[in-house]
Amino acid sequence: MDGRNIFEATQLSTQDERMSAAPLPMDVSSLFASVLSALRSTAPPEQRDGIVFQAVMMLMADNWSAFDTARPPVQQYLQQVITGDITREAYVYSLSQTLVLCLSEDADVSLELVSVCREDADPLGMTADLCNRHFKNIVDGLLDFEATPEQPFSRAFRGAVIAFVGEWFDALIELFLYGEQALPGLLQHISQLAARTIAQRSPEHAGMAMMAAPMAMGFFQRLYREYKATQVAGAQ
């Protein structure tokens with residue numbers, strides 16, 4: 001089965017239900033640290049300092065296998081967080097709001113959105129809605145997907161990310177005054193924001209994050225081209 005279709009979409013509850021859920025312990029730093037630890041544990045001692053850099057370079061080259069290694073600690077983290085009154089929907093809603101808040105509070109991203117979007121556009125509201133839907137899909141896959149040698153988790157995860165990136169970029173382009181030509185500038189600011197955030201949370205990886213930021217722009221543009229090509233092929 002094609003990895004693009006592995007994570008089935010799940011209907012979200014209403015916004016009121018999500019907002020009435022218990023507050024979430026959004027300790028993203030602990031999650032990030034557990035993923036890095038999982039990657040380092042797979043390498044010989046003499047290679048552990050470079051294993052994260054290697055995983056990032058592999059991803060930029062479209063090799064997603066590091067996510068097969070990273071999945072177990074992410075599963076464990078999610079199982080600890082999503083419990084009791086904290087539902088998957090509530091966790092996803094909180095995660096989406098965290099991302100949108102991060103975008104809205106960054107001066108470069110905010111100014112870029114104001115300059116390239118129509119006056120009546122709400123790019124952050126649109127982003128929150130898309131994140132709610134796609135992040136729920138991804139969280140379900142992280143927790144429930146049954147991987148096989150023929151269909152590893154990394155392939156399904158790649159398909160889910162492409163679906164999110166494709167729909168998000170399509171929706172953004174519809175809000176831009178001059179269409180797709182505004183996308184690279186916005187991606188540059190978002191990539192730089194992501195690099196700064198990683199550097200703050202994990203100073204030892206600051207250099208790698210700053211170096212990877214320009215490559216991330218091309219990486220996401222390639223995913224978007226694949227998404228569009230798949231749409232064209234599906235329409236024929």
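Against the conditions (1) in contact (Cβ under 8 Å) with a residue 60 or more places away in the chain; (2) more than 23 Å from Met208 (Cβ to Cβ), Cys102 satisfies every one except (2).
Is segment 110-118 home to any residue that is touching a His at 6+ places or on another chain (Cβ under 7 Å) and part of a helix (DSSP H, G or I)? So far as segment 110-118 goes, yes, one or more of its residues are touching a His at 6+ places or on another chain (Cβ under 7 Å) and part of a helix (DSSP H, G or I). If only residues of segment 79-90 that are in a helix (DSSP H, G or I) and at pLDDT 90 or above are counted, the one that is farthest from Asp144 (Cα to Cα) is Ala90. Of all residues in segment 184-236, those that are of a type in the set (Val, Ile, Thr) and under 15 Å from Val165 (Cβ atoms) total 2. Only residues that are within 20 Å of Gln181 (Cα to Cα) and charged (D, E, K, R) were counted in segment 96-117, giving 2. Within segment 137-153, the set of residues being touching an Asp or Glu at 6+ places or on another chain (Cβ under 6 Å) and under 27 Å from Ala90 (Cβ atoms) comprises just one member, Phe153. Taking the condition buried (at least 19 other Cβ atoms within 10 Å of the Cβ) and modelled with pLDDT of 95 or more, does Pro123 pass? The answer is yes for Pro123. Within segment 221-234, the only residue that satisfies the criterion of being in contact with a helix residue (DSSP H, G or I) (Cβ under 6 Å, 6 or more places away or on another chain) and either under 16 Å from Met57 (Cα atoms) or not in a helix (DSSP H, G or I) (or both) is Leu223. When the criteria are applied in full, Ala199 meets the requirement of being of a type in the set (A, V, I, L, M, F, W, C) and under 23 Å from Met58 (Cα atoms).
The values are calculated or read from the model by the stated rules, or taken from the named source; none is laboratory data. Note that the coordinates shown come from a computational prediction; the quantities given were computed from them, not determined experimentally. Cβ coordinates were reconstructed from backbone atoms using ideal geometry, including for glycine residues, and neighbour counts include every protein chain displayed.
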